[in-house]
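Undergrad: After the structure tokens below, expect a handful of questions from me.
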Amino acid sequence: MAIGFAAALCISSAATDARAGGPCEREMARAARRHNVPLGVLFAVGLSETGRKGVLNPYALNVDGRTVLATDLRNAVARFAEEKSKGAKLVDLGCMQINHRYHGEKFPSVEAMFDPARNVDYAARFLKDLREREGNWTMAVARYNAGPTNVVGQKRYICSVIGSLVASGFGSWTSKARDFCAERTASR
């Protein structure tokens, strides 16, 4: 799996900062520098999580696998409370889709989880920790979205992130990455 992602991560010098845009994007360069995470990796993960037309959504939720797009912070917090009261177990929040069940205790409140600065900074720190633990960016990205035993989910996510890297101008498809992702697609 490492070959496919690492081969695609040919960072373009033309793409040295996250795309100008919303509040999530404005936090990317700062968090990437602070935590020594490649900006392209952080941005591509964000695009894979909440990107719509190349822009990340600070008020996005994923509720047990279902996307919910809130219009503002108040609406996002209300939707979170409503979904939890209905029994939702896995709820991802904000720009980088931080899972409330597994990471909520790292934030002072649900509102703080939606704050783009805190959300993106936490995601960068988490990716850095995963990189240190796993030994490479490929497995760090794989573990960001899918647990250690979900190999199929990891491969799917790696290919999604590679696609986001390419679409955002931070990388390009290599033959190894294409083969890896084509192999993944064919085995479904």
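Undergrad: What are the extents of the Cα atoms of the chain along their three principal axes, listed from largest to smallest and rounded to whole Å?
TA: Largest first, the chain extends 46, 35, 31 Å along its Cα principal axes.
Undergrad: Sticking with this one: Give the calculated FRET efficiency between Ala117 and Ala81 to the nearest 0.05, with a Förster radius of 22 Å applied to their Cβ-Cβ distance. Mind showing how you got there, number by number?
TA: Details: r = 23 Å, r/R0 = 1.02.
The pair Ala117/Ala81 has a calculated efficiency of 0.45.
Undergrad: Of the trypsin sites (Lys or Arg not before Pro) in the stretch 36-118, which ones lie in a loop per DSSP and count no more than 15 other C-beta atoms within 10 Å?
TA: Numbers: sites: Arg52, Lys53, Arg66, Arg74, Arg79, Lys84, Lys86, Lys89, Arg101, Lys106, Arg118; in loops: Lys53, Lys86, Lys89.
Answer by residue number: Lys53, Lys86, Lys89.
Undergrad: Please find the FRET efficiency linking Ala167 to Arg125, where r is the Cβ-Cβ separation and R0 is fixed at 25 Å, and quote it to the nearest 0.05.
TA: Details: r = 25 Å, r/R0 = 1.00.
Calculated transfer efficiency: 0.50.
Undergrad: I'd like the FRET efficiency for Asp72 and Asp179, computed as 1/(1 + (r/R0)^6) with the beta carbon distance as r and R0 of 45 Å, rounded to 0.05. Before the final figure, lay out the partial values.
TA: Working: r = 43 Å, r/R0 = 0.96.
E(calc), rounded to 0.05, equals 0.55.
Undergrad: Also, I was wondering about something else. Under a Cβ-only charge scheme (Lys and Arg +1, Asp and Glu -1), can you give me the dipole magnitude of the stretch 2-186 about the Cα centre, in debye to the nearest 20?
TA: Numbers: 26 positive and 18 negative charges, 31 e Å.
Its charge dipole is roughly 160 debye.
Undergrad: With the crude spin-label approximation of a point 7 Å out along Cα→Cβ, what separation in nm comes out for Val151 versus Arg52?
TA: With each label point 7 Å from Cα toward Cβ, the separation is 3.6 nm.
Undergrad: Is it possible to state the helix-based mean residue ellipticity at 222 nm for the chain, with each DSSP H run of 4+ residues giving -39500 (n - 2.57), the sum divided by total residues, to the nearest 500 deg cm²/dmol? What is it?
TA: Details: 10 runs with 111 residues, N = 188.
Calculated mean residue ellipticity at 222 nm is -18000 deg cm²/dmol.
Undergrad: Oh, and also: At a 10 Å Cβ-Cβ cut-off, how would you order Val77, Val120, fewest neighbours first? Spell out each step's value before the answer.
TA: Values: Val77 19, Val120 30.
Fewest-to-most ranking of Val77, Val120: Val77, Val120.
All of the numbers you see were taken from the coordinates with simple rules; none came from a lab. Just so it is clear, the model here is predicted, and its values are computed rather than measured. Cβ: placed from backbone, ideal geometry, glycine included. Neighbour counts: every protein chain shown.
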